[in-house]
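The values are calculated or read from the model by the stated rules, or taken from the named source; none is laboratory data. These figures come from a predicted structure and were not determined experimentally. Quick reminder, even Gly has a Cβ in these numbers, built from the backbone with ideal geometry, and neighbours come from all protein chains shown. All accessible areas refer to the heavy atoms of the entire protein, side chains included, with ligands and DNA or RNA removed. Shrake-Rupley method; radii C 1.70, N 1.55, O 1.52, S 1.80 Å.
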Amino acid sequence: MAKPQPSQPHGNWHWHAPTQRLAINAPKATFLSDMSGDWSITALEQMLEGLSRGRLGKALGTGEGPVRCALRLSNGRDVHLVGAFIGRSEARGMLLVGDDFPEIDPSDLKPGPDLAPVYQPIISLRDGRIAGFEALARWDGAEGTSPPSRYEDEALASNMLIRSAETLAMLRERSGRDDVFMHVNLTARDLARGTVPALVEALMNGYKLPPRALRIELTEQAALRDASHALAAAMALKAVGAGLVLDDFGTGHSSFEWLADLPADSLKIDHGLTCRLGQQRIDTILSTITLLASRLGMTSTAEGVEDKDDAVLLRGLGFDHVQGFAFARPMNAESAAAFLTA
């Protein structure tokens, strides 16, 4: 059987607490393929090396929080379950290969020299202060926003995560504020890679970032390409301490299904809705969405705000944050630090 490559997904899992069943979906023709199926913990442990037995029950018996469980199969191979609980009744996550996460080469933590992201401030409507930033990809010497040819998929995601963590650490140090956060966008292809949670964990540990300081923006459209794997990957990111933001909420046709499954920390409402602020039906929809977010323990951000006068209306509709040209345009890291400390 072929050994799966580190850059490929290694499967996902779903724990259903009421029935005490663990459903595993592992790749075919790999040493993990025998793990595919619907298992009781007792039955699955028969496939594990002796010292690993009992770990699954402990990891899944908490009923809340992240799940991190390193196992060794009876054939000597290592596999790691990483994910998080959705309420107390179920948990989801990814299967990763190796002693812990797939190894991160130190060279992978060095971004390419031509990537020069910009950062757009996210403003709190409670006190008008800068709450955080969203990282947006730009390149030195490139026309428009098109990346150089060497930035393909994983390279861009990795480089943006590295630059964003580096800049966030600098912003927090210079401002003396430990509440500033950074949003980074990931695509469906990014979510499909088992190395992304490992990279996020390495960056958060390396820059000493607290939980949810680095927040991953996920779009519903990305999730729809492979909902089960996208959810498993999102849970893995949550387990390593990343915050989760559901972007462009309300623009797709199954937003509420994705919202029900994903324990996101925040919602972002697309400009397509916020630009119609003041229309009775739109205002009713927006106030309902922010109320829903609040009751689910999430914050809400209005994107694409181009008129400062709209801030009063948005706050009245229940929004926590705003982002847009009315408050600040995207800026480089040094300008962001000056803007934050002004």
* Could you check how many residues of segment 257-282 are of a type in the set (A, V, I, L, M, F, W, C), modelled with pLDDT of 90 or more and surrounded by fewer than 20 Cβ atoms within 10 Å (Cβ to Cβ)? => 2
* **Hits in segment 187-218 - residues which are part of a loop (DSSP other than H, G, I, E, B) and within 19 Å of Leu95 (Cβ to Cβ)** => Ala192, Arg193, Gly194
* Is segment 237-251 home to any residue that is farther than 14 Å from Arg212 by Cα and among the basic types (Lys, Arg)? -> no
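So that you can scan it fast, the table gives a plain yes or no per residue for (1) open to solvent by 30 Å² or more (accessible area, probe 1.4 Å); (2) in a helix (DSSP H, G or I):
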position	(1), (2)
Trp15	no, no
Ile24	no, no
Asp34	yes, yes
Thr42	yes, yes
Ala59	no, yes
Glu64	yes, no
* Residue tally, condition part of a helix (DSSP H, G or I) and either of a type in the set (Gly, Ala, Ser) or open to solvent by 30 Å² or more (accessible area, probe 1.4 Å) (or both), over segment 46-57 -> 5
* For segment 172-191, which residues satisfy the criterion of being in contact (Cβ under 8 Å) with a residue 24 or more places away in the chain and open to solvent by 50 Å² or more (accessible area, probe 1.4 Å)? -> Arg174, Asp178, Asp179, Asn185, Thr187, Arg189
* **Filter result for the condition that a residue is within 27 Å of Gly241 (Cβ to Cβ), touching a residue at least 12 places away in the same chain (Cβ under 8 Å) and in contact with a His (Cβ under 9 Å, 6 or more places away or on another chain), over Leu56, Leu60, Leu71** => Leu71
* Asked: Can you name the residue in segment 311-342 that is farther than 30 Å from Arg174 by Cβ and touching a Leu at 6+ places or on another chain (Cβ under 8 Å) and, of all such residues, is most open to solvent (accessible area, probe 1.4 Å)?
  -> Leu313
* **Hits in segment 192-208 (condition: free of Cβ contacts under 8 Å to residues at least 60 places away in the same chain and either touching a Pro at 6+ places or on another chain (Cβ under 6 Å) or of a type outside the set (S, T, N, Q) (or both))** => Val196, Val200, Met204, Tyr207, Lys208
